[in-house]
Structure formats: C-alpha cells, structure tokens
Amino acid sequence: MKPLVIFTLILASLSACRADESVRAYGGADQVWTLKELNGASFPATATLTFPKAGEIAGQGPCNRYFGALSAPYPWFKAGPIGSTRMACPNLPAETAFLKALEAATISEVAGDTLVLSNTDGLEMVFKASE
C-alpha cells in the first residue's frame, strides 16, 4: 500500500510540473508585441499582445484591455475565449477585427523581434516587439 501512495504522489507532482510549450516559451515571453499589419495592410490603430504567464494572453486593443487563455503547443496557436473591458471608442471596428483575428489564428512563428500569427485560410497578423 505504501509504494502505491508514494507512486501516486510522484506522478501527481510530475504532472503539475509540465513545461510551457506555447509560443511564450519560444521567444514570445517578456515582450510587448505591437500589431503592425493585418492581412497585408497596415493596422490603423494600436493593439498589443503579451504572454504574461503560461497559458495566458493579454494586451491592449484599440479601445479596451483584453485577456484570454492560450492552449496550444508551439508552433500552433489557440487563443480563447477572449474577454475584454467594454469601453466605446472611435476605433471599435479595428478592435473587433483585431480580436476576431486573434481568435482565428492557429499558427505562430517567432523570428527575432517579429511574431507572426496566421492560419490556413490566409489570415496573417504581423507583430513587432516594442522597443
């Protein structure tokens, strides 16, 4: 009986120590990423993306702060559900486009100071690390 209890405790502690395998662990952490392009066009407002801790995204959209879960291993990307504050502003259409694109992204790539989120339907979000 005692070995079974010890084995169970070891197994439980190992499962709690899973490494972060998301884009955060592959160059995304410790950066504030600013969206520069959405689908090949310059983004008309300011929007940021951060990876505050394993399994989370957060940032500032053109109008509101947002937050959500990140649940896919790199190079895959799955954000959502995404929640946000609800303040109105003139850039609300840009914010809606940004948040919809963020939830639609399925692939991530970090190369130096550039983060690209995309999907197989042609979505492309190009972020630059803020200086």
What is the number of the single condition among (1) farther than 15 Å from Ala129 by Cα; (2) at pLDDT 90 or above; (3) crowded, with 19+ Cβ neighbours inside 10 Å; (4) not acidic (Asp, Glu) that Ser71 does not meet? (3)
Residues (charged (D, E, K, R) and either closer than 18 Å to Asn119 by Cα or not in a strand (DSSP E or B) (or both)) located in the stretch 55-103: Lys78, Arg86, Glu95, Lys100, Glu103
Among the residues of the stretch 33-46, is there at least one that is assigned to a loop (DSSP other than H, G, I, E, B) and in contact with a Pro (Cβ under 7 Å, 6 or more places away or on another chain)? yes
Exactly one of Ala94, Ala105 is at pLDDT 95 or above and closer than 16 Å to Ala41 by Cβ, and that one is Ala94
Would you call Ser84 of a type in the set (Gly, Ala, Ser), surrounded by fewer than 19 Cβ atoms within 10 Å (Cβ to Cβ) and either within 16 Å of the chain's Cα centre (by Cα) or at pLDDT below 95 (or both)? yes
May I ask you to list pairs of residues, at least six apart or on different chains, whose Cβ atoms are under 6 Å apart, with the first in the stretch 20-42 being closer than 17 Å to Thr96 by Cα and the second being part of a loop (DSSP other than H, G, I, E, B)? Thr34/Ser130; Leu35/Phe43; Leu35/Ala47
Being surrounded by fewer than 17 Cβ atoms within 10 Å (Cβ to Cβ) and more than 11 Å from the chain's Cα centre (by Cα) is the filter; apply it to the stretch 96-115 and report the residue that is nearest to Phe127 (Cα to Cα). Thr114
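The values are calculated or read from the model by the stated rules, or taken from the named source; none is laboratory data. Remember, it's a predicted structure, so these values are computed and weren't measured experimentally. Note that we place each Cβ from the backbone using ideal geometry, even for glycine, and neighbour counts take in every protein chain shown.
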